[in-house]
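Contents: one structure, followed by commentary.
The values are calculated or read from the model by the stated rules, or taken from the named source; none is laboratory data. All values reported here derive from a predicted model rather than from experimental measurement. Cβ placement follows ideal geometry from the backbone for every residue including glycine, while neighbour counts extend to all protein chains displayed. Heavy atoms of the whole protein, side chains included, go into the accessibility calculation; ligands, DNA and RNA do not. Shrake-Rupley method; radii C 1.70, N 1.55, O 1.52, S 1.80 Å.
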Amino acid sequence: MSEFSVVGRRLPKVNSWAHLTGTAKYADDIALPRMLYARLLRSPHAHARVRSIDTSAAERHPGVVAVVTGRDMPEKMGIMPSTQDETALAVDRVRYVGEAVAGIAATSEDAAFEALSLIRVDYEPLEPILTIEEALEREDVKIHDEAARANVFKEVHLSFGDLDAGFASADHLRDDWYFFEGNTHAAIESHSAVASYDGDGKLTLWTSTQVPHYLHRELEKVLGIPRTRIRVIATPNGGAFGGKSDPFAHEFAASLLSMRTKRPVKLTLDREEVFYAHRGRHPVKMRLRAGVKKDGEFTAAHLQTWLDGGAYASYGIATTYYTGALLTVTYRIPAYKFDGVRVYTNKPPCGPKRGHGTTQPRWAFECTVDKIASDLGLDPLEYRRYILQPPNSRTVNGLRITTMGLGECLDAVGRATGFSRTHRKLARGKGIGIAGSAYISGAGLPIYWNAMPHSGAVVKIDRGGGVTVYCGTSEIGQGSDQMLATVTAEALGVLPEDVHVVSGDTSLAPVDLGSYSSRVTFMAGNATMEAACKLRDQLLSVAAEALAVPVERMTAALRRVYDSAEPAKGMSFVEAANLAEARYGTLSAAGSYTPPKGIGGDYKGAGVGPTPAYSYQAAVAEVTVDLDTGVLTVDRVVTAHDCGRALSPVNVEGQIEGSAYMGYGEISGEEQVFRGGLHKKPSLLEYKIPTSLDTPKLEAIIVETVDAEGPFGGKEAGEGPLNPVIPAIANAVFDAIGVRFDETPITADKVLDALGKRDNRGVPKDRIGPSGLAEPKRDPGGAKRRLGFSTEAREQRISRVTGVETATGATGPGPEPGEPGSGSR
């Protein structure tokens, strides 16, 4: 019998009925009296100076009430305080196609849209920078004048252990190049905001955001009014996946237009605008060198990453570190070096997408691990088990590991699929692949470094037994409201349906830093548990006295407070609440959570990577590759996820399945690609996300390790399950046709190209490597299309531009490991 009455039970979400019946109010559903409708004018140029903007004709257009431009909001803003490099609307320069330059509020959306064409913008086109290589080389074209070298945004060099000795002692070496194509979130709900500036001089903004607290701060800065007069309400999000965790132009424009007109203003982006708002997955080029002993034990690893960050910083400083920080938390690596460079390009800004910064290197690393297993003739599952980082340990880069369920996850997916029995034994065209991964349960440090809690919660009990929990979390479909209700109900002995959740409101709820980095369960859950347990103690105390029972024997469950030794002896929750209020006064308690200190290293850059607890996951994919058409069909994905304890198993399984679906889309076809700065696929007709008919059979396995520091033992479940799916599919394709694809996505044309260059599981005639990073000896057709430079030429070029040492021994004048880089930040 379970020790819990709510935790671990399969209960419906507390907000499910609102979504099922259509009564949930998203931002675009909000309608206020005298409301105006706004649209944004966007740049047609990838890079241009704004000489002048003439809005006079637009202002005279019937129905137009107000117009704003960048000069009305010139203050720099952004999500990261140290790298704020954009304005709400472009002021003197546009840096990507689709950047907002002006906003119009009118009595109808049609009138606002018509008036956009009447705004006259005098642009001076500038040469755009559109590739990583150009960004590294072009000193004559600066996207941001502040960049110290070319168009480098951030440069990181970290080294741990004796790398040279590690490689020298290796019996086997791998040296591989990879390219992960950028992609976007494709949430069903587009971004939307409604602003209302009332007669009392207070601004209320309803918006589909993941970060109401950080947006609250930026509104104060940009609009010039104190936060005491600003209220941000995070409406339910119809999906976000990281795409709504920045402050956006439409939120500031709607707010200022409302302030100017003294009327509510709604601004909802259309689908094409969402593609240009972006903040999605960075395109990343990677080089991974690995040394191992004959048994596969790692002796050293060196990862180099080059990130295409788009036009602005977004979360880029953290993203750069994340491409290297978490590589060490799955397998033992005694010596590790990481070099990362993020550059500006004239494309929409990249930011955090599910698995923020870790998805691309995890794909590369798990493919390399699979290659090593193949080279050494090892079972890929057993090999991963052999090299596992142990629980309750420290990685070479100083990260604290607590519970570690990757071994159990590998075992679970292995049993469910018969992996070791079938791997390398299937008919040609059929394949099975495996991969492991890890992710954080929230970042160890806040975006704005301070000593205040990362999350706060208040729990209140009323005289009728109703319970309300207040927390600043944002419900983005991941089930955070259900988690808050579950933790509160378990602590107080009621059911989730008895709990009212007030979340994402900066005026009503205590601060929570936001729904990003899979932090909500661990951090908001702990804050809520602390608050609820304070009230629980009061309830048990008064009930024990009334029943003449020792307080240590009292418990609460299923709306009763009773003697655990004699369950019939007790009282209702309402009776206990009334006794407690009579004794203690109004029943309300606050809780907060701050991650423990000492969970990471003490070097520069150690702030990215530490977390109170890492989740772990493994995936097995089964695929079919059509040898005639090149079409890749993923037949089945089985994912096991170590979530600590599953507070709500249905929620956890939903997150695992959703992650597997998203990973499948990224490896099989999704790509955010541009031609001359113009998006080639800015609609859901062209940007191919999998449909329900495309989606493979998805199976979720929950592995519980019960983390001592998590709320009731829980860890994250929102992002980690995505990361092993992509390499598992890539490794399954190799098992099917004997070709390694070192770039994403794996499309039919690439498969056909590969099939012409490979014997049946024999010696490769040529490796199918990432664009611009391939080896020589290409056939004239495919080589010219996709595989430009030889590896040696590429190494020499990147070494010359970045000063980073390459495997061929070429070195440049860059900083020594551990010293500050020469980047612009």
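A few notes on this one:
- For the stretch 518-537, filtered to residues that are in contact with an Asp or Glu (Cβ under 9 Å, 6 or more places away or on another chain) and either modelled with pLDDT under 95 or closer than 21 Å to Val574 by Cα (or both), the residue that is surrounded by the most Cβ atoms within 10 Å (Cβ to Cβ) is Ala532.
- Filter result for the condition that a residue is open to solvent by 10 Å² or more (accessible area, probe 1.4 Å), closer than 15 Å to Gly296 by Cβ and modelled with pLDDT of 95 or more, over Tyr331, Tyr386: Tyr386
- Members of the stretch 249-263 found to be outside any loop (DSSP other than H, G, I, E, B) and surrounded by fewer than 24 Cβ atoms within 10 Å (Cβ to Cβ), listed by number: Met259, Arg260, Thr261
- Applying a threshold of 6 Å to beta carbon distances and a minimum spacing of six or more residues, or different chains, the list of pairs starting in the stretch 640-662 at a residue that is within 11 Å of Leu698 (Cα to Cα) and ending at one that is modelled with pLDDT of 95 or more and polar (S, T, N, Q) reads Ile656/Thr639; Ala660/Thr639; Tyr661/Thr695.
- Qualifying residue in the stretch 63-74 (condition: in a loop (DSSP other than H, G, I, E, B), outside the structural domain of Lys347 (by TED's automatic domain parsing) and either of a type in the set (D, E, K, R) or within 22 Å of Tyr312 (Cβ to Cβ) (or both)): yes
- Residue check for Arg342: surrounded by 24 or more Cβ atoms within 10 Å (Cβ to Cβ), in the same structural domain as Arg174 (by TED's automatic domain parsing), of a type in the set (D, E, K, R) and not in a loop (DSSP other than H, G, I, E, B): yes
- The set of residues in the stretch 189-248 being open to solvent by 30 Å² or more (accessible area, probe 1.4 Å) and part of a loop (DSSP other than H, G, I, E, B) consists of Asp198, Gly199, Asp200, Lys202, Gly224, Pro226, Pro236, Phe241.
For (1) modelled with pLDDT of 95 or more; (2) in contact with a strand residue (DSSP E or B) (Cβ under 6 Å, 6 or more places away or on another chain), each residue gets a yes or a no:
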site	(1), (2)
Gly654	yes, no
Ala660	yes, yes
Glu670	yes, yes
Lys688	no, no
Thr695	yes, no
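- Any pair with Cβ under 9 angstrom, 6 or more apart, that starts in the stretch 100-127 at a residue that is touching a residue at least 24 places away in the same chain (Cβ under 8 Å) and part of a strand (DSSP E or B) and ends at one that is hydrophobic (A, V, I, L, M, F, W, C) and open to solvent by 80 Å² or more (accessible area, probe 1.4 Å): Ile104/Phe113; Ala106/Phe113
- Output for the stretch 293-340, where each listed residue is hydroxyl-bearing (Ser, Thr, Tyr), more than 24 Å from the chain's Cα centre (by Cα) and over 12 Å from Thr395 (Cβ atoms): Thr299
- Taking the stretch 430-498 as the region of interest, the strands (runs of 3 or more DSSP E) fully inside it that hold 1 or more residues being among the hydroxyl-bearing types (Ser, Thr, Tyr) and open to solvent by 10 Å² or more (accessible area, probe 1.4 Å) are 467-471.
- Test: residue in the stretch 125-147 that is outside the structural domain of Thr320 (by TED's automatic domain parsing), surrounded by fewer than 22 Cβ atoms within 10 Å (Cβ to Cβ) and over 27 Å from Arg342 (Cβ atoms): no
- Candidates Lys266, Lys294, filtered to the one that is open to solvent by 10 Å² or more (accessible area, probe 1.4 Å) and assigned to a strand (DSSP E or B): Lys266
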